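This report refers to the structure that appears directly beneath it.
Where a number appears in this text, it was derived from the coordinates with a stated rule and is not lab data. Predicted model only: the values in this text are computed from it and were never measured. Cβ: placed from backbone, ideal geometry, glycine included. Neighbour counts: every protein chain shown.
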Amino acid sequence: MENESPVTALIVDDEPDLCEMLVFEFSARGYRVFSASDGQEAERILDHEDVALLLTDVRMPLCDGLELLSWVKTRNVYRPTVILISAYADITVEEAHDLGAEVVLTKPFRLSELADIVTRILLPPERRWCTPPVPAPVRACALHFSSFESARKEAVFDLGRGGAAFAFSGSTLSKGENIRIEVCFDEGPFPSLHGTGIVNWVRSGAEPKQLQKAGLEFTWLSEETRTAFLLWHSTHAQKPYIPSLKPQ
Amino acid sequence: MRRKDESAAETSTYAEALRELTARHEQLVIELSLLKRLDALDPLRTDVQALCGEMARAIASVLRADNCSIMLLDAQGQYMQILGAASSFEEQSPENRFSARFSLGEGIAGHVAQTGAAVMADDVQDHPEFKPLPNSPTPIRSLLCFPLLAHGSTLGVVNVSAVTPGYFTDVTKQVMELSAERIARLLLMQHYHQRLSQSEQQFRQFVDNSPEPIARVDKEWRYVYGNRAFQAAVGIPEAEVRGASVERVKALIHPDDLTFFWECCETVMKTGSIRLCDVRYRNAEGAWRWISHLAYPWRLPDGTIGGIEAIGRDITEQKNAEAIIAEQRLKLEASARLTALGGLASGVAHEINNPLAIISLGAEQLDLLVQQTPLNINHIHSAAGKIRRNVSRIERIIRGLRTLSQDGSKEPFQCKKVVDVVQEVAELCQTRFQSHNIDMQIGEIPNSLEMECRPVLIAQVLMNLFINAFDAVENAPDRWIKVECREHKECVVIRVMDSGPGVPDELREHVFNPFFTSKEVGKGTGMGLSISKAIIENHHGELSLEAESPNTCFVMTLPKRQPRSGMHGDKYGK
């Protein structure tokens, strides 16, 4: 990063102590850092600065983090990358990803954890998904659909900018688990989808018979999948980072 | 000659005077003996027929008349019927005569009753109005018929007759006039007495029929009266009630209630006040029943207390229901407290996680900072300072939470600084208020101002008022909440105002009702204010909604010191 031009980050939190510390840390790591104590102030900065990374608290006076997120993502879903920092479950991870937030972090968090996330999330997708995780996940989830479009309509499978959401039954998945995913379509833009990911959210079915659903953030995609996925993205800009898979 | 004539005239004058004197004497003797006979009758001990019979016999025998009858008008004043008669012709069947009746205006008797004027006939056969009694075997000739008058109205007539024409003398007539008056008076007396005893009987029945026990005791604590319900309740048979000692009833009362019961009774007896006391009785099945007694004095004609009367009412079901309600209220209070906490939980998690994040980051920063050379002392101090600041922030929140989550109802009363109580609660809300851009203004509270209270409960009330204020101003254009504390005489007055739209007039009287809520479904239980009011009243204070204030303003008035004798009840005393 040293030789590249500095990345611009904007830190928004109404806690002055927290803001100050994050500004200090990001500056120390070579970022160009701005800070704001509420959403309105943040919007003014975003109007003038090309911000690549936005860290924002959820509960704030005047304009809160979610309003800011929606404002930002309406302008450009890809930039800036948004890390929502919540002190409480004001919003579920599922909802936050669906609204376009790339990362949801809950307070308190570790600096090292944040640093890792930032490093990973700021990588462009093609570089982000090209290294298979070590060790390789043991569990695999194999899915088969007639077509991508019909699966989306039935709300059993969907793709976002950073991952997939799918319905499953039988086994259980837990949050934070690393899994392999194999999806086959009889027709559609992707004949198959092959990769690994981390389970960011799991929603159990409302009724016993209903399917469980999970949101998976990709960590690695096979070269073939990666190419097809990025191609699809270039024509289908998706606001959700991981869609919440609600029936349409 | 002249002398002889004179002497003859004198003799005749004397004879005249003597005759008059004799007649007068005769009249007096007859009058006296008749009145004596009549006065010997006791109108209170006999029924009207027996009385009339007695009177008729007395008249007939004293006046040596062949017949005497007393006829009375019926209640409608339409017919007259013979109620008592005497006859020298014993063969006459009384049934015949008793069954005879005259309409008003019919016959001599009917005529007399109608006009109120006596008829004295030397021979009835010459009298146009005369109508013989049906089936009368002995024709009468002389008849005296006098009206029986009382207070201007006619009760009936009294007849005396003889089979001989011209039988009655002037003396007899005068005696009869006097007797008619006396007879009317006796009848009236009898009538009133009967009415009185009927009404007495009615009232006795009224009391006797009451399903609620009613009893009266005298100064010596002996029963004078006890109705059937009382007899059944205490197991004393009717015959034994009068004179029974109160001790017999006291033996049935629950030992824990006996002192209270006896105190109440003695107070009523001594002071003449009215008391309500609820005590448990063992019933015939051996079960305890709650009986509520309303005890009051009864007075002797001279106005002094003659004893006490009490009405009992079985309130066992009510007491049971009250116990259930009290229990449920406790549960509700607990749940309302938890709801208040639940509403706060998200806020509190937010409040705690923020400082925690700062502490955590600060610690990591310190780790990194101490590895640097040279050491950036300023930065290290700054990070440590942030950690300390935020640790105490968490401490304060936890303290507030602990206060709120306690069951304060068992907490002892203690002297607390008003400023501490208010600040502790405000602390917990302040950041939440700030994050919603609500300006929380706490006016100056004198540090010396203290009040005796259960701090946890008062904190809960304050929290409740703050949360209500928060909900009221959340969407208001101008958002502020003001808290003012001041000392007023022996009280502490705490006012919580907000910039919300205020409580509409029509809802003002309802805000303290249980389950009243103006909040959307799921947001309020409607119990907050009613419980708050109960808490404040339990502190002998008052919680009200200020009517004059343009904004919502709740006023909490608490005595600085709690009254020493904390005994409850006694609502009926004094």
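About the Cα centre of the protein assembly as shown, what is the dipole size in debye to 20, counting +1 per Lys and Arg Cβ and -1 per Asp and Glu Cβ, all else neutral?
For the protein assembly as shown, the charge dipole is close to 1420 debye.
Find the relative contact order for segment A:140-235 and round it to a whole percent, using C-alpha pairs within less than 8 Å whose residues are 6+ positions apart.
Reported relative contact order: 28 percent.
Can you give the FRET efficiency to the nearest 0.05 for A:Gln212 and B:Gln371, using r as the Cβ-Cβ distance and R₀ = 60 Å?
Computed FRET efficiency for A:Gln212 and B:Gln371 comes out at 0.85.
For chain B, the longest stretch holding no chymotrypsin sites (Phe, Trp or Tyr not before Pro) located in a DSSP loop with at most 11 other Cβ atoms within 10 Å is which? It would help to have the intermediate numbers written out before the result.
Numbers: sites that count: B:Phe89, B:Phe515.
Answer from the scan: B:90-514.
Just going by the charge dipole of the protein assembly as shown, with Lys and Arg at +1 and Asp and Glu at -1 on Cβ, which of A:Leu143, B:Met55, B:Thr11 is farthest out on the positive end?
B:Thr11
Using modelled amide H (1.01 Å from N, peptide plane; none on Pro or chain starts), what sits under 5 Å from the amide H of B:Gly306, excluding residues fewer than 5 places away?
Long-range HN contacts for B:Gly306: B:Trp298, B:Arg299, B:Leu300.
Given Cβ point charges of +1 (Lys, Arg) and -1 (Asp, Glu) and nothing else, what value in debye, to the nearest 20, does the dipole of segment B:210-314 about its Cα centre take?
Using Cβ point charges on Lys, Arg, Asp and Glu, segment B:210-314 gives about 100 debye.
Using alpha carbons only, what's the Rg to Rh ratio of segment A:143-248 with Rh from Kirkwood?
We get a ratio of 0.93 for segment A:143-248.
Determine the gain in length on full extension of the stretch B:Asp42-B:Ser549; use 0.36 nm per residue of separation and subtract their C-alpha separation, reporting nm with one decimal.
174.6 nm is the gain from fully extending B:Asp42 to B:Ser549.
Given segment A:55-160 reduced to its alpha-carbon atoms as identical point scatterers, what log10 I(q)/I(0) does the Debye formula return at q = 0.16, 0.21 Å⁻¹?
The Debye formula, applied to the Cα set alone, gives -0.93, -1.22.
Could you give the semi-axes, largest first, of the ellipsoid that matches segment B:346-399, computed as the square roots of 5 times the alpha carbon gyration tensor eigenvalues and rounded to whole Å?
Semi-axis lengths for segment B:346-399 are 26, 10, 6 Å.
State, as an integer percentage, the relative contact order of segment B:2-196 based on alpha-carbon contacts under 8 Å between residues 6 or more apart. Intermediate values should be presented prior to the final figure.
On the way: 321 pairs, mean separation 40.0, N = 195.
Reported relative contact order: 21 percent.
Given chain B reduced to its alpha-carbon atoms as identical point scatterers, what log10 I(q)/I(0) does the Debye formula return at q = 0.07, 0.12, 0.13 Å⁻¹?
Log-scaled intensity ratios, in q order: -0.72, -1.13, -1.20.
With a cap of 15 neighbouring Cβ atoms within 10 Å, and only residues DSSP puts in a loop, list the GluC sites (Glu not before Pro) found in segment B:1-71.
Values: sites: B:Glu6, B:Glu10, B:Glu16, B:Glu20, B:Glu26, B:Glu31, B:Glu54; in loops: none.
Here no loop site has a sparse enough neighbourhood.
Please name which of B:Leu356, B:Leu300, B:Leu543 has its Cα lying farthest along the dipole of the protein assembly as shown towards the positive end, using unit charges on Cβ (Lys, Arg +1; Asp, Glu -1) and the Cα centre as origin.
Value: B:Leu300.
Could you please report the charge total around B:Ile445, scoring K, R as +1 and D, E as -1 over all other residues with beta-carbon less than 13 angstrom from its beta-carbon?
Its environment carries a net charge of -1.
Can you tell me, using C-alpha contacts under 8 Å and at least 6 residues apart, the relative contact order of chain A as a whole percent?
Result for chain A is 17 percent.
Quick one: helix A:111-121 against the long Cα principal axis of chain A, what's the angle to the nearest 10°, folded into 0 to 90?
60 degrees
Taking Cα centroids, how far is segment B:284-317 from segment A:28-52 in Å?
First find each Cα centre; the distance between them is then 83 Å.
What is the Cα convex hull volume of segment B:2-196 when expressed per residue in Å³? List each step's numbers first, then the result.
Numbers: hull volume 26.8 nm³, N = 195.
Taking the convex hull of the Cα positions in segment B:2-196, it is 137 Å³ per residue.
In square nanometres, what is the average projected area of the Cα convex hull of the protein assembly as shown?
Result: 71.0 nm².
Give me Rg/Rg_expected for chain A, where Rg uses Cα atoms only and Rg_expected = 2.2 N^0.38 Å with N residues.
So chain A has a normalised radius of gyration of 1.03.
Which net charge results for the neighbourhood of A:Ser150, defined as the other residues with beta-carbon distances under 13 angstrom from its beta-carbon, given Lys and Arg at +1 and Asp and Glu at -1? Intermediate results must be reported in sequence, preceding the final value.
Values: positive: A:Arg152, A:Lys153; negative: A:Glu149, A:Glu154, A:Asp158, A:Asp186, A:Glu187.
Result for the local shell: -3.
How far apart, in nm, are the 7 Å Cα→Cβ label points at A:Glu43 and B:Ala284?
8.4 nm
Can you tally the net charge around A:Ala115? Count Lys and Arg as +1, Asp and Glu as -1, for every other residue whose Cβ sits under 15 Å from the Cβ of A:Ala115.
In short, -2.
Filter the GluC sites (Glu not before Pro) in segment B:158-221 down to the DSSP loop ones having no more than 13 other Cβ atoms within 10 Å, then list what survives.
B:Glu220
What is the distance in Å between the Cα centres of segment B:479-503 and segment B:180-212?
The distance from the Cα centre of segment B:479-503 to that of segment B:180-212 comes to 68 Å.
If you project the alpha carbons of segment B:220-379 onto the principal axes, what extent comes out on each, in Å, largest first?
If we take the Cα atoms of segment B:220-379, the spans are 110, 37, 24 Å.
Restricting to DSSP H runs of at least four residues, report the calculated mean residue ellipticity at 222 nm for chain A, -39500 (n - 2.57) per run over all residues, nearest 500 deg cm²/dmol.
-8500 deg cm²/dmol
Give the angle, between 0 and 90 degrees and rounded to the nearest 10, that separates the Cα long axis of helix B:2-39 from the longest principal axis of the Cα atoms of chain B.
Compared with the principal axis, the helix lies near 40 degrees.
Which three semi-axes in whole Å describe the equivalent ellipsoid of segment A:8-122, each the square root of 5 times a Cα gyration tensor eigenvalue, listed largest first?
Output for segment A:8-122: semi-axes of 18, 16, 15 Å.
Give me the dipole magnitude in Debye, nearest 20, for chain B about the Cα centre, with unit charges on the beta carbon: positive for Lys and Arg, negative for Asp and Glu.
Value, rounded to 20: 1600 debye.
What's the Kirkwood radius of segment B:210-314 in Å, using all Cα pairs?
It is 13.7 Å.
Which one, A:Ala214, A:Gly39, B:Asn227, is farthest towards the positive end of the dipole of the protein assembly as shown when Lys and Arg carry +1 and Asp and Glu -1 on their Cβ?
Farthest towards the positive pole: B:Asn227.
Can you tell me the orientation of helix A:16-28 relative to chain A, as the angle in degrees between its alpha-carbon axis and the longest Cα principal axis, to the nearest 10?
It is inclined by approximately 80 degrees.
Taking N as the number of residues in segment A:132-193, what is its alpha-carbon radius of gyration divided by 2.2 N^0.38 Å?
1.16
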